[in-house]
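The next block holds one structure in the form of structure tokens; read it before the comments.
The values are calculated or read from the model by the stated rules, or taken from the named source; none is laboratory data. Note that this is a predicted model, so its numbers are computed, not measured. FYI the Cβ positions are ideal-geometry reconstructions off the backbone, even for glycines, and counts take in every protein chain you see. Note: areas computed on protein heavy atoms with side chains; ligands, DNA, RNA excluded. Shrake-Rupley method; radii C 1.70, N 1.55, O 1.52, S 1.80 Å.
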Amino acid sequence: YPRSRPNEKAAYSFREGLAMIRQQGLSGFIEKSGNFVIEPSFKQVSCFSEGFAHVGTFGDCHHIDRSGEPVFPGKTYELCGRYSEGLAPVMEGRLWGYIDKKGRSAIAPRYRWTCGFSEGLAFVETENGAAGYIDRYGELVIRAGNLDIGGDFRGGIAQVVQGDAWGYIDTRGKYIWSPTS
């Protein structure tokens, strides 16, 4: 697959049996045989996650299925994120919340920033600037204080960033390794 620009990646890794391909500024998906399942027709796309990919640009973002059709016809968001643990972050009115796989609001938009769920927790930044991890009900269960970024949990441990220092916490928010640079 030829690149449109010298530094542009033209082919991506397979996820859920499909790989994103970029041609002439548009993206689509191929199956393992190399045949297009979804012709390149989207300016911005994500890889598939839990059966869906998000497509579109700011103000016109939505999720598609493996045939390239909108999952929730007529429903768009300012921005969308990938599904993880059955929920996807979406931005509405400049705030982020989460929708379920039926397109229903699972956690109302009330965050400045959100990440996907892992092991039942997602890193967010609240409207008042507090950061931490929420549970599937939107409750802030780990207050991160002065952390800038919180990574996904894997095996009960997440990498966290404070300025230019990195550390690790457990699912209770206790440091396993305090941030050091």
> Where does the charge balance sit around GLY28 when Lys and Arg score +1, Asp and Glu -1, over other residues with C-beta under 10 Å from its C-beta?
Replying inline: 0
> What Cys residues in the chain are without a partner cysteine, judged by a Cβ distance under 4.7 Å?
Replying inline: CYS47, CYS115
> With the other protein chains left in place, how much accessible area per residue, in square angstrom, belongs to segment 127-181 at a 1.4 angstrom probe?
Replying inline: 61 Å²
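Let me check I've understood the local charge: for ILE99, count other residues with C-beta under 10 angstrom from its C-beta, Lys and Arg +1, Asp and Glu -1. What total comes out?
So the surrounding residues net to +2.
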> Within the P(r) computed for the chain, what percentage of the Cα pairs occupies the region above 30 Å?
Replying inline: 28 percent
>> Counting only other residues whose beta carbon sits under 11 Å from that of PHE14, what net charge do I get with K and R as +1, D and E as -1?
In response: 0
> Taking only C-alpha pairs under 8 Å that are 6+ residues apart, what is the relative contact order of the chain in percent?
Replying inline: 8 percent
> Mind checking the dipole of segment 11-153: about its Cα centre, +1 per Lys or Arg Cβ, -1 per Asp or Glu Cβ, Debye to the nearest 20?
Replying inline: 180 debye
> Taking the alpha-carbon centroid of each part, what is the distance from segment 162-181 to segment 36-58 in angstrom?
Replying inline: 34 Å
> Tell me, what % of the accessible area of segment 89-154 is carbon and sulfur with a 1.4 angstrom probe?
Replying inline: 48 percent
> When all C-alpha to C-alpha distances in segment 31-86 are sorted into bins of 10 Å, what percent of pairs does each bin hold, rounded to whole numbers?
Replying inline: 24, 57, 18, 2
